[in-house]
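The values are calculated or read from the model by the stated rules, or taken from the named source; none is laboratory data. Owing to the predicted nature of the structure, the values given are computational and were not obtained by experimental measurement. FYI the Cβ positions are ideal-geometry reconstructions off the backbone, even for glycines, and counts take in every protein chain you see. Accessible surface areas use protein heavy atoms only, side chains included; no ligands, DNA or RNA. Shrake-Rupley method; radii C 1.70, N 1.55, O 1.52, S 1.80 Å.
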Amino acid sequence: MSLLRLSSHSCRRLFRPEITAGYNIRPFGRRHESQARTDPSNEPAPKSSPSEAPAAKAGDSSLITQEGPLEGVASHKPDYNAHVDHGTSSFSPVPKRVMDGSEPGEAVPAAVLSGAPLDLQARTVRIYRPAKTATQSGDWHGHHWRMDWDVLGKGHRWENPLIGWQSSADAMQGTHLNFKSKEDAILFAQKQGYEYFVQEPNVRKFVPKAYANNFVHTPGKLKVVRTK
Amino acid sequence: MVINPTYLAQRTRTSASWNDAKRRVLKSYREWLRAGPEIQQMYSLNIPVSAIRTKIRQEFERHRYVSQLQVVDMLLFQSHAEFQETLNYWKQLSHVLKYFRAEEDPTARLPRNFMQGFLEGRN
């Protein structure tokens, strides 16, 4: 205890400028120790820099260019350089744009995380309201919104040579999703990176009629004489 | 009662900042690269280690421009899950070869341009 007090007394005179500077108080007699050991954030300098990375840079080749503001606009050309994943086959359509997480906005890029095959981002999805059953007058089915996958041009259906049953290369054939509202369906399609289009429902036109209007007085000659 | 985690299990955590995420990504990338020869030997792949490492690099580069930190966290989690499954021999050859379809399977490709797609009769 007394030793400590003595050392602190002697240290105070020598190390006052360092105390005000905020450095650690170095013990007396170890003045030549390097700063490196006591400095916690000191790491050996990196031997390479990011500019030396083996990936090709914009100046390397004329094939690699920085995307200008006009090119950032959604293009409707198919992207033949999209990467191949576990579901790609000779029936896969070519996607227009594959989601890669760099899209602006707060929406979750679910297509990146879900592990779904990239073919789904190439296929068009239709969002519509299923029509009322024509054979009945009740409309219990016509209130929700449905998302349906457009059929593939090739590989949609063929006759299986074994029995003659219908084979298909289309994983989403016969699949549909139901949503409570149109906005929900659109947000889902955007989140999953699907190409979608919305088909507005046909609204039934109903003219309110009253039988008494047949007998309303019109001045002048009647065009149609209703005698019956 | 002590629960012993499986080999290579990692505690779930989120990245505190982009710097933290960057460090975690680089650490994960290094682990994958170092595991390259072991994957080749374990699954008896006829693929050179350099090709495995190129594929690892490709998979990491695919998500280079992700802009949200939570998505990066999720990708890190998925990457480590794959790592654990691969090195614990929980996968089978077909699961590992899913990543090498472009090189191994001639039917797994997209056409180079419109004419080639049209002549093949693709969708």
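The heavy atoms of A:S90 present about 60 square angstrom of accessible area, all protein chains included, probe 1.4 Å.
Take the Cα of A:F206, step 7 Å toward its Cβ, do the same at B:Q41, and the gap between the two points is 7.7 nm. Shown is the FRET efficiency for B:R64 and A:T133, computed with R0 = 51 Å from the Cβ-Cβ distance and rounded to the nearest 0.05: 0.50.
The listed peptides A:124-130, A:207-213, ordered by packing as a protection proxy, come out as A:124-130, A:207-213 (highest mean of other Cβ atoms within 10 Å first).
Heavy-atom accessible area, probed at 1.4 angstrom with all protein chains present, ranks B:R62, B:R122 as B:R62, B:R122, highest first. Per residue, the convex hull spanned by the Cα atoms of region A:75-227 measures out at 273 cubic angstrom. The mean number of partner chain beta-carbon atoms within 10 angstrom of a residue's beta-carbon across peptide A:82-92 is 6. With Cα atoms as the point set, the radius of gyration and Dmax of region B:18-120 evaluate to 16.0, 50 Å.
Cross-link partners of B:K98 among lysines, defined as those whose alpha carbon lies under 19 angstrom from its own and excluding same-chain residues fewer than eight positions apart: B:K55. Candidate cross-link partners of A:K182 among the lysines, defined by an alpha-carbon separation under 19 Å and a same-chain spacing of 8 or more, comprise A:K132, A:K191. Compute the acute angle (0 to 90°) between the alpha-carbon long axis of helix B:49-62 and the principal axis of greatest extent of the alpha-carbon atoms of chain B; round to the nearest 10°. Taking the Cα atoms of chain B, the angle to B:49-62 is about 90 degrees.
Accessible surface comparison of B:D20, A:D150, probe 1.4 Å, protein chains only, largest first: the order is A:D150, B:D20. Interface between chains A and B: roughly 2200 Å² of accessible area buried, both sides summed (probe 1.4 Å, protein heavy atoms only).
Reported to the nearest whole Å, the Cα centre-to-centre distance from region B:27-45 to region B:108-123 is 35. Phi-derived couplings, Karplus 6.51 cos²θ - 1.76 cosθ + 1.60 at θ = phi - 60°, listed residue by residue for region B:63-71: 10, 5, 9, 5, 9, 10, 5, 5, 5 Hz, with x used for Gly and Pro. Helical runs assigned H by DSSP (4 residues or longer) give chain B a calculated mean residue ellipticity at 222 nm of -19000 deg cm²/dmol, each run adding -39500 (n - 2.57) before division by the residue total. Among the protein heavy atoms, those of B:F83 account for about 10 Å² of accessible surface (1.4 Å probe, every chain in place).
Neighbouring Cβ atoms from other chains, within 10 Å of the Cβ of residues in B:107-117, number 5 on average. Descending by average beta-carbon neighbour count within 10 Å, the peptides A:138-146, A:151-159 line up as A:151-159, A:138-146, the highest first. Counting Cβ atoms of other protein chains within 10 Å of each Cβ in A:150-161 and taking the mean gives 1.
Helix B:18-42 and the long axis of chain B differ in direction by around 70°, with both axes built from C-alpha atoms. FRET efficiency for the B:K22 to B:E104 pair, using the beta carbon distance and R₀ = 41 Å, is estimated at 0.80.
Only beta bridges with both residues in region A:114-228 are counted; by DSSP, about 70 percent of them are antiparallel.
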